[in-house]
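Chemist: Once you've had a glance at the structure underneath, I'll fire off some questions.
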Amino acid sequence: MRPLALAEDSSMTSISSSQEAVSGTRSGRISLASRFQPASLLWLALAAVLVVLVVAPISQLVITSFTHPDTGAFTLQNYVEAYGRPRHVAALFNTLKMGAATVVLSLIFAVPVAWACARTDMPGRTFARLAMLGAFITPPYLGAVGWILLAGPNAGWINRIWIELTGATEPLVNIFTFWGLVLVMASNTFFLIFVFTTTAFEMINSEMEDAANILGAGTWKTAAKITFPLIMPAILGGALLTFLISIALFGVPALLSIPARYPVVVMQLSEFFGFPLRVEVAAAYSIPLLLITVALLGLQRLILSRRGYTAVSGKGGERRMVKLGKWRWPMFAYVLLVAAITLFLPFFVLIMAAFSKVWTSGFALSNLTLRNFGYVLFEHSTSQKALIASISLGAASATIGILLALGVAYIVQRKLLPGAGVLAFLCLAPFVIPGIVLAIGFYAAYALPPVALYGTYTLLALAFITRFLPIAFSASASGIRSIHPEMEEAVRILGGGRLTAVRRVVAPLLQRTLAGGWLLIFVPAAQELSTAIFLVGPTTRVVSVVLLDMSEEGRLELLAALGTVLLVIIVAVVALGIRIMGRDFMLRREL
Amino acid sequence: MTGLALRGLGRRFGTVEAVKDVDLELKEGEFVSLLGPSGCGKTTTLRMIAGFIEPNAGTIELGGKVISSPSASLPPEKRGMSMIFQSYAIWPNMTVFENVAFGLKLRRLGREEIRRRVGEILDIVQLGDLADRYPAELSGGQQQRVALARAVVIRPAVLLLDEPLSNLDANLREEMRFEIRRMHDELKITTVYVTHDQSEAMVTSDRIAVMNKGRIEQVDPPVELYMRPRTRFVASFIGRTNFLEAKRERDVLVFDGFSVPVSALAIPLADGNAVTVSVRPHALDLSAQQPAANGRIVLEGKIARRAFLGDTWNYLFAPAGNGAALIVSAAPHKVIEDGAPAWLTIDPGQLVPIA
Amino acid sequence: MTSGTFSRSAVAAVAVLFAGAAAQAQQMTAHESKLYEAAKKEGSIVWYVSQTTTEFADLACKQFNAKYPGVTCNAVRASGQVVMQRLMQEVKANAVQADVMSSNDDGQMVTLDQAKQLADYTPENHKHMIPSLLKAGNGSKWSITSVAPLGMMANAKLVKAEEAPKDWKDILDPKWKGQVAIGHPGFSGSVGVWVVTMKKMYGWDYFEQLAKNQPQVGRSIADGVSLVESGERKIAVVPMSLAEGSKAQGKPTLPLYPASGLILPPGVTAIMEKAPHPNAARLFMEFLLSKEYSETLRDTARWPMRTDVPAPQGMPGLDSTPLISTPTEEVLKQLKEIQQQFRDTFGV
């Protein structure tokens, strides 16, 4: 809204008969400064920030991949080097194969449990949901460590017990294999399919199924013709996301893929990022990963936007629970099995190791110690610092990300400015960039002189903000959507400016939504590894990287202790979120 | 002098002309409704008055000063107006008292002054006991009253209401109409009221501006509007009506089956050969026996269809010959059988020629 | 790298702290006093180190601070690649933060020297060094400040001493199938030196045969220690200091000294040409070669640098143990090739 700037309105004060005209109208001639459109300046400022956070790193990634490291000239040499070796190409196909297998296993985990939680009278449904959530919020690299303790071929608990019991000479399970890799991946990523599918099941009105029944379709026919087609888009959407997340996950392959002799893309990238550093080749090597992600997310959008999904995205109606009868407990046993594999077993042995002098000795009073905690918290200078750094970075990126996203979402939702859609697009764009690829982009754009942010927390914070900006934006946008614009107009017509409206009405009303969004960013940011791995400097390490270093040093007890501390923090924060926002606050997904 | 004037006001959205050439003047203390179907431009007009939308053409003046023009507009917060929104827009994070006091606090009034004035207005809207409640604890009608109190407590130069009653149930809506009018009689605030409900507009307004397709078709007091609609749209939008086509032959209008001298019409006739007149179903009289003419027109025919609506009969009268069938309202005791012969009496003074 | 003896380290640190600064000052040489006075004006020294564990670097700093009050030691510990990357960036940005840099990869020193980033300084303490260690350094550019010779270790519970491998070739025996752990030359410089040396001694066939035994390939050289400690693997190629440390900690570890000799990837330290605190840097370099520091090395089951500090009890002296060292240039030249060869042979 442009302020009035006519010469003759210096007597604007007399507009109102009321005694207390709002101060602004008294001021007479409207000053030059207020003729500027502050909203346009804000747009420019936000656009500039988003260019720094999103546009520059991505374009720098692409440019770098075509740049000769020494001459700076255009070249395709990086691609030749990246994909010239059969081994490097094999890693890409290995990765795709691993992603596909992870999806299959995730479906096996997620869909039955989702159905049981949403549509049946299985006992312990809340417990089941919390367990699934637990598997999701725990860092995947800690799950991998837990599984190494469980299923290392010789010393793993499962194998030792197996050999003890049966006298067998061969181990029962081996985590250092393709399927071990897939199991640990799926343990963390199946949650997305679970959420999507549960939501879809909950959205199906029983009347839709009743309608089929009344027309003569039996239970199975109804399931096949009505229920399944209705949840199919949700399952597919979740499966695609699972695939994308698993092919870009760093922590699990870092621990398992080398011993499993199964080279994957992220490990190849970290080889390029070794010394001598070949950022250009790493950039070139990561471009296909980026393209695959963009293509599959496009496909996912297409699937979700088809008619099938709108049918389930409507208001959930009355739902009839399926009575499982004698299958109630077997169903629960399956849920328990999934929860044991994905959460309880690995984290139980991890926490046990944290309290052990030697993790292989297991339960014994003589083996019990708090020394590991004392050491990682107070003596190991890096781990304490890294813990503080991770929490601060998580908090900072959540806060800044939310504020930034809130500004953009406000402009977009209130249609304050033309071109706001561009800002929204930029906020959502990082969603298509795998964390590790984003890190290469940030490295290429900002690590080296002239910007020279390498080894600073600033670089990490920028990358984290960008990484989680889509979450921040969808949380903010849905929050603002829920506030009727008239709430603000009421402030303005009574004499308050737009800022007053935001401060007195919008902000208080958004408190809960924003707190939820903040936690949704903090939880993954505090444990983020993929984005951090190439951006940490000698003095700026985060807890995930220190944990990985510890695994390299073989200090599994210390690792377990530090990991347990991290878990306690994460669980506490999530519990706080559940307290404030209800059990399902992490289960709602906009994307 | 706080009169409000819209002059040649226009607003385009893309290629759509939402509001076009709107001229309207409100005297100080006048209550005018903008009435029309959805999409007629009434809300856009209201929001231009409020300052939420800038005009593409024309000006809005308040007290003789331009507050909106295509080149510059005073932002809403500097207009000294207030508004009641369709959604009420009661702030859920503030109590009733805080909601109502908000505008006064922005005006930096003293604590005591605020307390006194909020108390007064809450008594007027009968919410004195609920000052400390939060909006979520109030009924729809009570929320409406909070919105009303919040809007008028600042003694705005102009009060704007945007379909304020559309979210209430029927009984409450009827009650609130009178409430709004009573409030206006008490406080005499210049008011613009947007609604698509003609009876709301009738009860509350000094004058009604009927809008259609972005233009104002007619501005008149409610009775005048009903009795003497100027356009086909106004005639059909305000109440029900019959349209009759006629040809002008010098000083006489020739209808199918009867003719009327031009001088007998309700309002003077403009030039032109083909004429349409509107006649209300209530203005027609139906009888089972042939009545005496007494200078009125009597047509013979029969009942083509009938329906009992509870408080009236609704008859469709088909005149003998080629004439168009007419809808007639009759009191419940006036019973004529379906298909029976009947006579229709028309008072020429009730015939309103329309543009 | 890991030491696993933090409790003993802590004891050593406390002992050093109690020794007191005053007593130390009296023993300072003229050269040392001069450096100390100049260093005090500079106030601190920044030590980039990938050579030791974090805990040991912290311990060394504490000891230095106690010995030279007024000069604060800040250790920045990270893995070799990270430290090097960081340094090169500081060089490029012309904003070098590091005064002293310690690494297990003297190839890095060659790179830095070629970039003219290393300062010339011949430590006074060179004269007390074990001759073979002095020779493995570079005189004025860099010196050996730690020794982590590679050997093997076995799990004493699972492997009887008489059955344990006696030399490098013994781990090729099929009876160790699925029981050996090694590192990866693509991730660890020390492993690179080991691979180059093995290839030189036995030809690539050594690794072809080793691959048939399906060793667990970790990343760093230290990976094997915990694998053997936990019994996950029976035998691993590890730094002997870690093997001895593990044994000293009471774990079921059997350190194995191959008959043909330990492999010696040198732990080197250099002063940066553009060090912000050049005198403190020199003082710190002297400290790393001092008697106190060598005693600390000894007390934490590491090999001392000096002739006047004997090797830890139960560990063979470096003078009496066969050592195989491969010239840095040779390792550098072959590294890229053997990395590829290794990946082809082991599939990762």
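The values are calculated or read from the model by the stated rules, or taken from the named source; none is laboratory data. As the structure is a computational prediction, the values presented were derived from the model and not from experiment. Here Cβ is always computed from backbone atoms with ideal geometry, including for glycine, and neighbour counts include all displayed protein chains. When the accessible area is computed, the model is the full protein with side chains, heavy atoms only, and any ligands, DNA or RNA have been set aside. Shrake-Rupley method; radii C 1.70, N 1.55, O 1.52, S 1.80 Å.
Chemist: So for the stretch A:470-591, considering every pair of alpha-carbon atoms, how many percent are separated by more than 26 Å?
Modeler: So the pairs more than 26 Å apart make up 43 percent of the total in the stretch A:470-591.
Chemist: How do B:Thr204, B:Thr231 stack up against each other in accessible area, from largest to smallest, with a 1.4 angstrom probe?
Modeler: B:Thr231, B:Thr204
Chemist: Which one, C:Ala161, C:Ala280, C:Ala39, has the greatest fluctuation when you compute a Gaussian network model over chain C with C-alpha springs under 10 angstrom?
Modeler: Comparing C:Ala161, C:Ala280, C:Ala39 in the GNM, the peak value goes to C:Ala161.
Chemist: Ignoring ligands, DNA and RNA, please state the percent of accessible area on the protein assembly as shown from carbon and sulfur, probe 1.4 Å.
Modeler: Carbon and sulfur: 58 percent of the exposed surface of the protein assembly as shown.
Chemist: List, by residue number, every residue in the stretch B:45-60 with a reduction of 20 Å² or greater in accessible area between the chain on its own and the complete protein assembly, 1.4 Å probe.
Modeler: Those are B:Arg47, B:Phe52, B:Glu54, which lose 20 Å² or more relative to the chain on its own.
Chemist: Moving on to the next point. Check the cysteines of the protein assembly as shown one by one and keep only those with no other cysteine Cβ under 4.7 Å from their own.
Modeler: A:Cys117, A:Cys427, B:Cys40
Chemist: Related question: Over the stretch B:240-354, with the other protein chains present, what is the accessible area per residue in square angstrom, probe 1.4 angstrom?
Modeler: Spelled out: the 1.4 Å probe surface of the stretch B:240-354, per residue, equals 53 Å².
Chemist: Further, regarding this structure: Place the peptides C:263-276, B:276-289, B:124-137 in order of packing, highest mean first, counting for every residue the other Cβ atoms within 10 Å and averaging per peptide.
Modeler: C:263-276, B:276-289, B:124-137
Chemist: Quick one: which of B:Lys27/B:Lys213; A:Lys97/C:Lys166; A:Lys97/C:Lys336; A:Lys385/C:Lys247 span more than 32 angstrom between C-alpha atoms?
Modeler: From B:Lys27/B:Lys213; A:Lys97/C:Lys166; A:Lys97/C:Lys336; A:Lys385/C:Lys247, over 32 Å: A:Lys97/C:Lys166.
Chemist: How much of C:Tyr202 can a 1.4 Å solvent probe reach, expressed as accessible area in Å² and rounded to 10?
Modeler: 60
Chemist: Comparing B:Asp338, B:Asp271, B:Asp123, which has the greatest mean-square fluctuation in the GNM of chain B with Cα pairs linked when under 10 Å apart?
Modeler: Of B:Asp338, B:Asp271, B:Asp123, the most mobile in the Gaussian network model is B:Asp271.
Chemist: Let me have the relative contact order for the stretch A:370-591, percent, based on Cα pairs under 8 Å that are six or more residues apart.
Modeler: It comes to 32 percent, rounded to a whole number.
Chemist: Right, something else. Return the value, in Å² to the nearest 100, of accessible area buried between chains A and C (probe 1.4 Å, both sides summed).
Modeler: 4000
Chemist: Using Cα pairs under 8 angstrom and six or more residues apart, how large is the relative contact order of the stretch B:4-229, in percent?
Modeler: 29
Chemist: Another question about this same structure. Report the one residue of A:Ile411, A:Met550, A:Pro485 whose Cα lies farthest in the direction of the positive end of the charge dipole of chain A (charges on C-beta: Lys and Arg +1, Asp and Glu -1; origin at the Cα centre).
Modeler: Sorting the options by dipole projection puts first A:Pro485.
Chemist: Hey, in the GNM for chain C with a 10 angstrom Cα cutoff, which one of C:Ala259, C:Ala57, C:Ala136 fluctuates hardest?
Modeler: Looking only at C:Ala259, C:Ala57, C:Ala136, the biggest GNM fluctuation is shown by C:Ala259.
Chemist: Still on this structure: Counting only protein heavy atoms and rolling a 1.4 Å probe, how much accessible area do B and A lose on contact, total for both sides, in Å² to 100?
Modeler: Answer for the B-A pair: about 3700 Å² buried.
Chemist: Hey, if we sort B:Arg250, B:Arg215 by accessible area with the 1.4 Å probe, largest down, what's the order?
Modeler: From most exposed to least exposed: B:Arg250, B:Arg215.
Chemist: Looking at the stretch A:482-508, which residues lose a minimum of 50 Å² of accessible area between their chain alone and all protein chains in place, measuring with a 1.4 Å probe and not counting ligands or nucleic acids?
Modeler: Checking the loss per residue gives A:Glu486, A:Met487, A:Glu489, A:Arg492, A:Ile493, A:Leu494, A:Arg504.
Chemist: Evaluate peptide B:61-67: per residue, the Cβ atoms of other protein chains within 10 Å of its Cβ; return the mean as an integer.
Modeler: That works out to 5 on average.
Chemist: Over chain A, average the accessible area per residue using a 1.4 Å probe and give it in Å², no decimals.
Modeler: Value for chain A: 40 Å² per residue.
Chemist: To continue, here is another question. Just tell me how shielded A:406-419 is by partners: mean number of partner chain Cβ atoms within 10 Å of each residue's Cβ, no decimals.
Modeler: Per residue, the average neighbour count from other chains is 0.
Chemist: Ok, one more. To the nearest 10 degrees, how steeply does helix A:157-166 sit against the main Cα axis of chain A, on a 0 to 90 scale?
Modeler: 20
Chemist: With each run of n ≥ 4 DSSP H residues scored as -39500 (n - 2.57), what mean residue ellipticity at 222 nm is computed for chain A after dividing by its residue count and rounding to the nearest 500 deg cm²/dmol?
Modeler: -21000 deg cm²/dmol
Chemist: Which of the residues in the stretch C:58-89 show a loss of at least 30 Å² in accessible area from their chain by itself to the complete set of protein chains, at a probe of 1.4 Å?
Modeler: Checking the loss per residue gives C:Asp58, C:Val76, C:Arg77, C:Gln81, C:Val82, C:Gln85, C:Arg86, C:Gln89.
Chemist: Which whole-number percent gives the relative contact order of chain A, counting Cα pairs below 8 Å spaced six or more residues apart?
Modeler: Worked out over chain A, it gives 19 percent.
Chemist: Then there's this: For chain C, find the longest principal axis of its Cα atoms and tell me its angle to the long axis of helix C:54-67, 0 to 90°, nearest 10.
Modeler: 30
Chemist: Residues of C:223-235, mean number of Cβ from any other protein chain within 10 Å of their own Cβ, rounded to a whole number?
Modeler: The mean count of partner-chain Cβ atoms within 10 Å per residue comes to 5.
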